[in-house]
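Quick note: the coordinates plus some simple rules give every number you see, no bench work behind them. Computed from a predicted model, the values in this text were never measured in an experiment. Virtual Cβ from ideal backbone geometry, glycine too; neighbours counted across all protein chains shown.
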């Protein structure tokens with residue numbers, strides 16, 4: 001298996017623009033997680049899905065952030081409009097029901113100017 | 001409430017010496033405990049986990065961790081550090097009681113530097 005795949009790996013955009021981050025979980029994994037990592041706040045859970053359904057979105061910072069999982073092999077995290085304080089590394093992770101271990105993608109490094 | 005504490009932001013150790021990265025946790029029931037490692041510009045990689053059974057858990061790259069219920073700790077150890085072990089280490093916990101919830105609570109991370 002290729003592991004969790006994220007795209008793009010790097011994104012530079014200007015304030016006010018829409019940003020879409022993409023994630024393909026490991027095949028067969030029922031859970032998908034979106035995290036944000038910054039120096040100031042560390043690793044934060046934004047939202048997670050079980051069987052494509054959002055279970056807990058309490059970590060989503062504000063309405064500018066939205067996440068979808070239209071099918072078992074694809075999820076998006078959208079920021080609209082983006083702001084400089086959204087600059088961070090965004091990780092996607094997936095896990096199976098039995099294993100509990102989360103497997104992380106390589107991350108998307110986002111810079112909002 | 002579930003939480004994890006990594007009391008040391010930074011740990012320095014000489015190459016060849018034993019290393020310890022500390023972690024304490026708080027859950028309402030019995031915990032699932034995990035260690036992850038993050039190398040520069042990479043995602044988190046799973047190292048080892050404790051679910052049940054033997055309190056001493058062995059993982060990747062020669063790392064091990066010991067679950068201590070009375071001290072609510074799960075310290076990461078390695079007998080002989082390598083320069084290549086230099087990275088950011090995260091401890092994480094999940095409460096077994098919360099069935100159906102599969103999210104982990106991560107600590108703030110400890111940066112390990114192994115000095116040649």
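Rounded to whole Å, give me the distance from the Cα center of the range B:102-116 to that of the range B:13-64. For the range B:102-116 versus the range B:13-64, the Cα centre distance is 9 Å.
Could you give the length gained by full extension between residue B:3 and residue B:58, i.e. 0.36 nm per residue of separation minus their alpha carbon distance, to one decimal place?
17.5 nm
Short-range pairs are left out: with C-alpha atoms under 8 Å and at least six residues apart, the relative contact order of chain A is 37 percent.
Mind running the shape call on chain A? Use the C-alpha gyration tensor, a ≥ b ≥ c as the square roots of the eigenvalues: rounded below 1.5 for a/c, prolate if a/b tops b/c, oblate otherwise. Prolate. Ordered by the count of other Cβ atoms within 10 Å of each Cβ, fewest first, B:9, B:85 give B:9, B:85.
Each 10 Å bin from zero holds the following percent of Cα-Cα pairs in chain B: 15, 48, 30, 7, 0. Going by the alpha-carbon gyration tensor, a ≥ b ≥ c the square roots of its eigenvalues, is the range B:50-91 rounded (a/c under 1.5) or, if a/c is not under 1.5, prolate (a/b greater than b/c) versus oblate? Prolate, since a/c reaches 1.5 and a/b exceeds b/c.
Compared with the direct C-alpha span, the chain from residue A:74 to residue A:97 gains 6.5 nm at full extension, assuming 0.36 nm per residue.
In this structure, residue B:41 and residue A:66 have a Cβ-Cβ separation that, at R0 = 30 Å, corresponds to a calculated FRET efficiency of about 0.65.
Of all the options A:70, A:25, A:54, the one that moves most in a Gaussian network model of chain A with Cα springs shorter than 10 angstrom is A:70.
For the pair residue A:5 and residue A:20, label points projected 7 Å from Cα toward Cβ lie 1.7 nm apart.
Taking a ≥ b ≥ c as the square roots of the eigenvalues of the alpha-carbon gyration tensor, the range B:1-59 is classed prolate because a/c is 1.5 or more and a/b outweighs b/c.
Mean sequence separation of contacting Cα pairs (under 8 Å, at least six apart), scaled by the length of the range B:14-54, corresponds to a relative contact order of 32 percent.
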